[in-house]
2 protein chains.
Amino acid sequence: AVLHCTSFLQDFSTFYLHLDVTPCLCVILSFRLLTRLQTSASTLRTLLSNSFSQNIPSCLWKLGRLNHVAIAVPDLDKAQSLYKDVLGAQVSETVALPEHGVYTVFVELGNTKLELLHPLGEKSPIASFLQKNKTGGMHHICIEVDDIKAAMAELKKKKIRILSEEPKIGAHGKPVIFLHPKDCHGVLVELEQA
Amino acid sequence: AVLHCTSFLQDFSTFYLHLDVTPCLCVILSFRLLTRLQTSASTLRTLLSNSFSQNIPSCLWKLGRLNHVAIAVPDLDKAQSLYKDVLGAQVSETVALPEHGVYTVFVELGNTKLELLHPLGEKSPIASFLQKNKTGGMHHICIEVDDIKAAMAELKKKKIRILSEEPKIGAHGKPVIFLHPKDCHGVLVELEQA
C-alpha cells in the first residue's frame, strides 16, 4: 500500500518536471509541488481517497495493534484485586473519567492491556451492559488505525455501521469510533487513531 | 520476585561453601550444588513452592502477554471476510481442530491475535455459547503464564475455580487451563503455558 502511495508521488513529480516551461514557471510549479508534498499524510490520503479509492482502497488506512480489551465489572475493587493480588499483574490506580461515564483501571499485560470499566453517573454507557451481565463481562475490543477518517469513509462504503457521525475523543485522549456489534459478529469494536 | 529466587540460591551456595569439610567432600558437594543449580526453573519453582510458598508466593509464577482474544462466530467465512477484506488484517486459512471441537481462523494484529471460533461436531464447547449469542461474541481471553502448574497451585489456594483437574493441551499444542468466569468477573480466562 505504501509503495502505491510513493509511486503516485513519483509519477506526480515526474509529470511536473517534464513539462516544457520557462524557468520561472518551473520554480512556481516546483514550489507548488513542494507544498503538496508537505501536505500531511492524512490529508494526502483524503485527497487520494476522493479520486482513487475504487482502484487502491488498501492504500488509505491500515489496521494496527490491539490497544485493549475492555471488561465491564460490577465491583472495581474486587476486579482490581483479582488481577493484582491473585494473577500478579501490574495494575493502575482507579481513574475517574466523568466525561465518559466510567471509572477505569488498566491492567498491563506487556503486549497490550485490559481496561476494567465501572459505571460513573446515571448516564454511563456501560450501565445497561451490567444490568444484562450481572457478574460482568467482556464489553469491547479496541484496535488502532493509522487514519480514522479514511477508515470511516471506507467502512461506510462497505456498509459497516458506525455508532457516531464523527469520531469522539476516547479515554486515551485520541479520536475513536465504535462499529455496530451486529456488523462485527456480536463484538463491539472500537477503532482508535494511533 | 526474581531477586528473591537469586537470593535463595546465593544463600544455598554460601551454606555449602562455608562448611568445614575435606577437599574431596567439597568436590562432591560442589557437584551436587551444580546439579541443583542446573535444575530447570520450573522444577526449582516447584521445590520452592513446597517449602516457601507462604513467604514468597509471587516468586512462583508470572502472568505474561495476552496470547489471543477468542470470538465465537456463527459464520466463519463472513467473519474471515470482515477482518480480511473490510478491516484489512492478515488472516489465516480456516484450521479444523476436531480434538477441540472447533474450526479456527487467526487474525494477526501485530502485538496479539484474534481467534475466530466456529463449532465443529456435535460436542463443540462453543455450541451452547452460540445458541445464547446468535450473532456471535467474545468467548474468552487467553493470557500466557510461565509455569502453569505453579499458577494452578496458587489459584486453588486463592479459591479461584479451575475448569479441569489437570492442564489440557490447547489449540496451540501447549498446556492450558480455564478459570471459572464467575470467579473472574464474568470473563472466561484461559491461561496458557508460554
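The numbers here are math on the coordinates, done by the rules we state, and not lab data. Since the model is a prediction, treat every value here as computed from it, not as a measurement. With ideal geometry, Cβ positions are generated from the backbone for all residues, glycine too; neighbour counts draw on all protein chains shown.
Annotations for the structure displayed:
- Distances between copies at residue A:165, taken between label points 7 Å from Cα along the C-beta direction, are 6.2 nm in increasing order.
- Packing, taken as the mean count of other beta carbons within 10 Å per residue, orders the peptides B:170-178, A:184-192 from highest to lowest as A:184-192, B:170-178.
- Shielding value for A:154-165 is 1, the average number of Cβ atoms from other chains within 10 Å of each residue's Cβ.
- A cut-off of 5 Å between modelled amide H atoms, ignoring neighbours fewer than 5 places along the same chain, links residue A:111 with B:66.
- The mean number of partner chain beta-carbon atoms within 10 angstrom of a residue's beta-carbon across peptide B:138-149 is 3.
- Each of the peptides B:138-144, A:144-150 was scored by the mean count of other Cβ atoms within 10 Å over its residues; in descending order, highest first, they stand as B:138-144, A:144-150.
- Applying the Karplus relation 6.51 cos²θ - 1.76 cosθ + 1.60 with θ = phi - 60° to segment A:158-165 yields 3J(HN,Hα) values of 8, 6, 8, 6, 10, 7, 8, 5 Hz, where x marks Gly and Pro.
- Label 7 Å beyond Cα on the Cβ vector: residue A:97 copy-to-copy distances, nm: 3.1
- For segment A:144-193 versus segment A:71-123, the inter-centroid distance based on Cα atoms is 23 Å.
- Label points for residue A:84 are taken 7 Å from Cα along Cα→Cβ. From this copy to the others they lie 4.4 nm apart, shortest first.
- Relative contact order of segment A:79-194: 18 percent, from C-alpha pairs under 8 Å at least 6 residues apart in sequence.
- For segment B:171-180, putting each phi into the Karplus relation 6.51 cos²θ - 1.76 cosθ + 1.60 with θ = phi - 60° gives couplings of 4, 9, x, 10, x, 9, 9, 10, 9, 4 Hz, in residue order, rounded to whole numbers and with x for Gly and Pro.
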